[in-house]
1. Per residue, how much accessible area does region 333-435 show when a 1.4 Å probe rolls over the protein heavy atoms, in square angstrom?
2. Could you order Phe106, Phe147 by accessible surface area, starting with the largest, using a probe radius of 1.4 Å?
3. Quick one: pull the percent of accessible area on region 131-211 belonging to carbon and sulfur, 1.4 Å probe, ligands and nucleic acids left out.
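The values are calculated or read from the model by the stated rules, or taken from the named source; none is laboratory data. All of these numbers come straight from a predicted model, not from anything done at the bench. Remember, those area values only see protein heavy atoms, side chains included, never the ligands or the DNA or RNA. Shrake-Rupley method; radii C 1.70, N 1.55, O 1.52, S 1.80 Å.
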Amino acid sequence: VNTTLLVEASPAAWNATRYIVRNPRISREIRRQLCSEKKLDLKCLKLKFMTISTIPSAPYQLSPKSIFNSAQIRNNDLEKVDPLQLPSKVQVILVNSTKSEAYGKFVEMSSSLKHGEQIGLDAEWEGDSGVALLQLAYFDQVFILDFAMVGAKSFKYPLETIRDKATIVGFALNNDLLRLDWQRDDMYSVIDLRGARYESLSGLALAVFGKTLDKSLQRSRWATDRPLTQPMLNYAALDAWLPLAAARSVIAARNIRVDSYKIPQLLGSLSSSRVASGNHPKDLALLSLGGDQCADAVRVTEYDKRSGCTRIADATVIFVNWPASARYPNTLHYVSSSSGDKLLCLTWWPPPTVDIKARFQAQEPVHLFARAAKKQAYLYLGRTELFGSIPGDEARGGVLLILIDTPELEKLRKQNSAVDKLLNLGYQPAAASSI
């Protein structure tokens, strides 16, 4: 059974895990994620099993305290949640004739493609035969090329353009590329989202969208059944669109940096008026990481209330409140880099379940947000790098994190009073030296 979880802060801890492990009604996938991969810190959370009738809109999908909008949740018996569907805004374009308008749109798309633009790719076939359908997702369009009807040669030149110019995004692409006779060395760029974190396309959908995939049409007669039914078209289109949407979310969270353009944009999106309207400040901060264009493709998979440590997409996010507490003085001070530059450094204590050093070693981006008081908006302070452990505090696992965008923050504090006030409030060199 696929279930939806409502997560609430509570000291009641491991009693919930016993229920999870022993209850056969809960899916094996959810038990594996909760108990093996520790995507939820069960020492800080009490789990309640709820059901949901409709997919909530952002930012409720992002809320660390309640993953789904409680107003839309019914406390009934466990029931199956609808699988992920192709968004209604996505246009599915079937290309089954070289004389059709759809073929002209496909050729136009390929010819106007800019170097490095992302295109989601997936292919369908039967048995050991060649490719029957090739699906290409580009923004809010998915082109389905019917090789079985038209023949692969009819698409040769536009496909060569895509191969040479586009960043191809997909899941487990080796078989698709082999059947297309595409060599990775001849392609512009490839992003394959299959890896240790996402073992299946359904697992990717669950991690990013919070929904599983309906694979009942996987073994359809793709080469022989004509005309293609609408469910078959939607299934094929979703397999190409999903990796593209997920990559946009993951890459947006990975690449965001502090600069003169981004910070004012975040300050605008994280205004106090939006906080007052009912949106949680952390929701708004996380939405800003994913970007408005992919807000629905960003999902919190981990949250520790004490430390404010969250995982979104493939990035770790730290939330800090200033003034700092006496027990965990998450304060700022300056350190000298190897080049002699003065950089801001944060003292921070990760929760026991988070191996923050391993995340840095895996080159996972670790972002920092801070705010001056409760119910105020969080301000983005950029990416961090591990400087080392806090001397003499090895037992508690405290670490020193460098703010790599310190030069930009120093420029901005001269232009923006909110940035200047926040950094002054967090700057406590005396507290750092006493650790």
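1. Dividing the accessible area of region 333-435 by its residue count gives 49 Å².
2. Phe147, Phe106
3. On the way: 1610 of 3560 Å².
Exposed carbon and sulfur together represent 45 percent of the surface.
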